[in-house]
Amino acid sequence: MRGKARVNLNTVIVLVFLAICSIGVLYPIVYVVSAAFTPGSSIALDIVPFGSGVTLDHFRYLFKNTNYPIWFRNTFIIAISTSISTVVLASLGAYVFSRFRFTLKKSLMTALLILQIFPSFIGMVAIYVILLRVGGLNTLWGLVLVYVAGNIPYNTWLVKSYIDTIPRSLDEAAIIDGASHFRVYWQIVMPVARPILTFLAIASFTGPWMDFIFPKLVLRSADKQTLALGLFSFVTDKKNQFTVFAAGSLLVAIPFVIFFIATQKLLIESLGASTVKE
Amino acid sequence: METSISLEPKPADAGGRKKVLIASIVFMGLGHILYLKQYLKGFFLAAVEAVLIAFLPRITKALINLQTLGEPKPHLPIRLRDNSIFMLIDGVVVVAAVAVFIATYIISVRDALTEYDQSRGRTVGIRESINKAFPVLGLAPSIGLIIFFVVVPLVFSACVAFTNYSSPAHIPPNNTVDWVGFDNFRALFGGSKIWTQALGRVALWTLIWGALATATCYFGGMLMAVILKESKIRIAPIFRTIFILPYAIPSVISMLVWQNLLNATFGTINRTLRALGIISVSIPWLGDPTMAKFTAVMINLWAGFPYFMLLISGSMSAIPQDIYEAAEIDGAGKFQVFSKIVFPIVLYQTAPLIIMSFTHNVNNFGAIFFLTGGGPVVPDTTVTSAGGTDILVTWIYNLTVNLNQYHYASVLAVMIFMVLAPIAIFNLQRTKSFREGEL
């Protein structure tokens, strides 16, 4: 009897602890949801969420009075192009690094590793001038080039260490049968490496959604803005439309949240696997 | 088949090999064309060298400009004056291009010799040429992009650290920029009192921030992972789903929301605490330098613990069940099992990611910029633009975007390099593939 009572007490303590943590985690989320539906544009939110009624005005405002749809479209184009280019280039490079021996290979790989630790905006003045010289300023492709170049060093490593685990006997057999290197890459290695490539595609797709520095540097005109720039402008620029910001943020965050919750099992597995491999 | 040929070179071929070597050195691709009958590759290589020779005058000019960075010509209209920054970047690009050319040259000579040993005289078809060029074609786009958008900008930054590129007197195109040697380093390391103090303060806080942010998120995540696994609560998955939310929400959004909630006067947190009668005076969450640092670490914990929770959950689920059972049979308590078995295994497996997380936090622009904006203002902020919670990267951003003090910003970038590069190399040397020489 006493043992059971103690177990129950432990469970209660744990439950209370988890409940307190949940409140802490949910606190800002509840307020941003509430702000998105709160009438008016006050930056001071109600102490009680949803305390002053519910309205859809801010969502209407977003679509009628701002360039929100254009920001969304631009961001989507940038994200999808970055994702596809990153997957193609990183996987090609990873395959070459994993399967071929050539001059300077070790130096190249070490260089990639050192390059990936820099936040790429350290070189932003130079990137600005280079894009100016090649006509890439205020274009979406200019921004994509910057992102892809920044993604390649780390992700080539990531994919390479995965391809290293694929048995070489698979592709050696194909080579003996007369397959070209490209065919081996495309029809043998790529299908086997699909898990890591899916992970990479998702990671490089989500990255550009909320980046701020480079869009600010590269994109100038109103029709080229991205979501991060647009949303940020609601809380600065002396506008202080926090409720509109909340509504816009909610629309971006919801797909992300649904996606993460739906794939949490996969996330745990892939993160767990990445530790064991080291 | 090919190997058997190359293993037994006929004595008469020594002269042939030498001819290929000399031809390849004299002009890139010549050996391929004359002796190897690899016309496609040979003409491509020759074209590369021809282009280089055609551009030689411009290359020389760019290199001279890189050395002088232009002359001040105040009498000319602004558009015609020398633009030192364009000269600097063009110079760096040219140096990079020449380096690539030299590497190509070396590779082409080596390739000619290998090809000679393997296939001597046999005509190589276009298909086979392309197939053999696969490693080069596969890497070329990546390397090209990295050189122009990663390496050149970084080298440029490093170069700027040795110039006086700064507002107000040295901003092209109105004025030129000059090489100044180590002047900027001297100014920041003792020469100028206010800048030296600011640098010491920011560098120290960057390291403390990196360590605290990593440690709090790691142990916070571990605590949650262990509790969710060990407590046999049926609704644990619901809690896990809740705890993933901060990881799923883009950090720009969550940090800006926290900034609003934590505002001293209109922020919901202070007003709630006042309404509940817990405090009578508003807490300056982001208004006091020490308090703001504490707040930044706490909010970063909110945003960062889910990553390690997921990571450690994954790592713990990979521990074989029989280890637990064996420990239980031996009479180990739950705490002993954790401290003697689970913790060491998890720590060992996640160590490289802890180091990576540290470098990530040192560079975590968003967690500071969108939450505190670097603030609050401290005595030297008006001159240096470094606020109470600014870390090196946000300070670099301020120096570049607001103050146009590019020269000091670049010195900071060089410093980040000197701190982080050894850590990255150390991390690399621990990995399995490096130790086993598979790299």
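To test your reading of the geometry: what angle, between 0 and 90 degrees and rounded to tens, separates the Cα axis of helix B:56-68 from the longest principal axis of chain B?
The helix B:56-68 is inclined about 40 degrees to chain B.
Which links in B:Lys229/B:Lys334; B:Lys232/B:Lys334; A:Lys105/B:Lys37; A:Lys105/B:Lys18 stretch past 20 Å when you go from one Cα to the other? Mind dumping the intermediate values first?
Values: B:Lys229/B:Lys334 12 Å; B:Lys232/B:Lys334 13 Å; A:Lys105/B:Lys37 28 Å; A:Lys105/B:Lys18 27 Å.
Check vs 20 Å cut-off fails for A:Lys105/B:Lys37; A:Lys105/B:Lys18.
Given the convex hull over the Cα atoms of segment B:336-439, what projected area results after averaging over all orientations, in nm²? Don't skip to the answer; put the middle values down first.
Working: hull surface 39.6 nm².
Averaged projected hull area, Cα only: 9.9 nm².
Evaluate E = 1/(1 + (r/R0)^6) for B:Ala103 and A:Ile20, where r is the Cβ-Cβ distance and R0 equals 60 Å; express this FRET efficiency to the nearest 0.05.
Approximately 0.50, to the nearest 0.05.
Just to verify a number: FRET efficiency for B:Thr265 and B:Val378, C-beta to C-beta distance, R0 = 25 Å, to 0.05? Mind showing how you got there, number by number?
Working: r = 21 Å, r/R0 = 0.82.
It comes to 0.75.
Tell me, B:His32, B:His170 in order of fewest to most beta-carbon neighbours within 10 Å?
Neighbour counts put them in this order, fewest first: B:His170, B:His32.
So how tilted is helix B:134-146 from the main axis of chain B? Cα-based, degrees 0 to 90, rounded to 10.
For helix B:134-146, the angle is close to 50 degrees.
Wrap a convex hull around the Cα atoms of segment B:93-186, take a quarter of its surface area, and give that in square nanometres.
Mean projected area of the Cα convex hull: 9.2 nm².
What fraction of the Cα pairs in segment B:280-365, stated in percent, has a spacing above 17 angstrom? Spell out each step's value before the answer.
On the way: 2312 of 3655 pairs.
Considering segment B:280-365, 63 percent of its Cα-Cα pairs are separated by more than 17 Å.
For segment A:66-277, what is the relative contact order in percent, using Cα pairs closer than 8 Å and at least 6 residues apart in sequence?
Relative contact order of segment A:66-277: 34 percent.
Please list, in order, the residues from segment B:234-265 whose amide nitrogen is less than 11 Å from a point placed 7 Å along the Cα→Cβ vector of B:Val401.
Inside the label zone: nothing.
Please give the FRET efficiency for A:Asn240 paired with B:Gln321, using the beta carbon to beta carbon distance and R0 = 56 Å, rounded to the nearest 0.05.
Efficiency computed from Cβ-Cβ geometry: 0.50.
With the cut-off at 36 Å, report for the protein assembly as shown the share of all Cα pairs above it, as a whole percent.
Counting pairs separated by more than 36 Å, the tail of P(r) holds 51 percent.
Could you work out how much longer the chain between B:Val51 and B:Ala351 gets when fully extended? Use 0.36 nm per residue separation minus the Cα distance between them, nm to one decimal.
On the way: separation 300, 0.36 × 300 = 108.00 nm, distance 4.92 nm.
Working it through step by step, the gained length comes to 103.1 nm.
When Cβ neighbours within 10 Å are restricted to other protein chains, what is their mean count per residue of peptide B:154-163?
3
If you average 1/r over all unlike Cα pairs in segment B:2-181 and invert the result, what Kirkwood radius do you get in angstrom?
Kirkwood hydrodynamic radius for segment B:2-181: 19.3 Å.
Which value in deg cm²/dmol, rounded to the nearest 500, describes the helix-derived mean residue ellipticity at 222 nm for chain B, given -39,500 (n - 2.57) per DSSP H run of n ≥ 4 and division by the residue count?
Theoretical 222 nm ellipticity from helices: -22000 deg cm²/dmol.
How far apart, in nm, are two points set 7 Å out from the Cα along the Cα-to-Cβ line at A:Arg60 and at B:Lys193?
The answer from the label model is 6.2 nm.
Can you sort B:Leu188, B:Leu276 so the residue with the fewest Cβ neighbours within 10 Å comes first?
Ascending Cβ contact count within 10 Å gives the list B:Leu276, B:Leu188.
Size of segment B:49-88 along its principal axes in angstrom, Cα-based, largest extent first?
Taking the Cα atoms of segment B:49-88, the three principal extents are 39, 17, 13 Å.
For segment B:230-389, taking Cα atoms only, what is the radius of gyration to one decimal and the Dmax to the nearest whole Å?
In order Rg, Dmax, the Cα atoms of segment B:230-389 give 20.6, 66 Å.
Using the Cα atoms as the points, what is the convex hull volume per residue of segment A:66-277 in Å³? Don't skip to the end; give the middle numbers.
Values: hull volume 32.7 nm³, N = 212.
Given the Cα convex hull of segment A:66-277, per-residue volume reads 154 Å³.
DSSP H helices in chain A with Cα extent of 30 Å or more along the helix axis and mean Kyte-Doolittle hydropathy at least -0.5? It would help to have the intermediate numbers written out before the result.
On the way: long enough: A:2-37 (50 Å, 1.52); A:68-99 (46 Å, 1.01); A:140-163 (32 Å, 0.93).
Span-like helices in chain A: A:2-37, A:68-99, A:140-163.
In whole Å, what three semi-axes, largest first, describe the equivalent ellipsoid of chain B built from its Cα gyration tensor (square root of 5 times each eigenvalue)?
53, 39, 17
What's the exposure ranking of A:Ile117, A:Ile254, going from fewest to most Cβ atoms within 10 Å?
Details: A:Ile117 22, A:Ile254 13.
Going from sparsest to densest Cβ surroundings: A:Ile254, A:Ile117.
All of the numbers you see were taken from the coordinates with simple rules; none came from a lab. This one's a predicted model, so the numbers in the text were calculated from it and none came from an experiment. So basically every Cβ, Gly included, is an ideal-geometry build from the backbone, and we count neighbours across all protein chains shown.
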